[in-house]
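**Student:** This is the structure I want to talk about, given as structure tokens.
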Ligand SMILES: [Zn+2]
């Protein structure tokens, strides 16, 4: 059952954490890590949207707060609002860029729930197509590889930037 809800649950979510700390923290702050920065699609005041380094499908992205905390209980009302706004933008952007048949939206809280990075909360959005395969079939090499991440960023970033202008409405 877990696999139905967590297609990303068995994969690394953003690659191995560096020795210095948290990959989500490294993608934000005044001097974001350059390798992470190329994956970032849009930055808000309190949170940001970043491509998954090891996507389950093309367009697999995540919404994460700038601040380091592990669960929804640690979020402020403003953080919750902006993250949900970005989740909405991500739905719109993925639909526009990829025309998926469906989208998984989910949060894995804790290791047994499938989280790869457990200390810094993040919301996954994974575009899905009828007939696409689950993670296990990757072993059988039956899956079409996701597109290049640079191509994903070039497709999605302008849409997020356009949608961001509506955030102050
Ligand atoms: Zn962090």
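Taken together, the values in this text are just the output of simple stated rules run on the coordinates, not laboratory data. Bear in mind the structure is a predicted one, so any value in this text is a computation, not a measurement. Quick reminder, even Gly has a Cβ in these numbers, built from the backbone with ideal geometry, and neighbours come from all protein chains shown.
**Student:** Once R0 is set to 22 Å, what does the formula 1/(1 + (r/R0)^6) return for the Cβ-Cβ distance between residue 54 and residue 130, expressed as a FRET efficiency to the nearest 0.05?
**Tutor:** Values: r = 23 Å, r/R0 = 1.05.
Plugging the Cβ-Cβ distance into 1/(1 + (r/R0)^6) gives 0.45.
**Student:** Can you put 47, 71, 152 in order of Cβ neighbours within 10 angstrom, beginning with the fewest?
**Tutor:** With the sparsest Cβ surroundings first, the list reads 71, 152, 47.
**Student:** Mind listing the Cα extents of segment 54-102 along all three principal axes, in Å, largest one first?
**Tutor:** 33, 22, 16
**Student:** Hey, fewest Cβ within 10 Å first, where do 39, 109, 163 land in order?
**Tutor:** In increasing order of surrounding Cβ atoms, one gets 109, 163, 39.
**Student:** If neighbour count is taken as other Cβ atoms inside 10 Å, put 62, 84 in order from fewest to most. Let's see the in-between values first.
**Tutor:** Details: 62 28, 84 13.
Starting with the residue having the fewest Cβ neighbours, the order is 84, 62.
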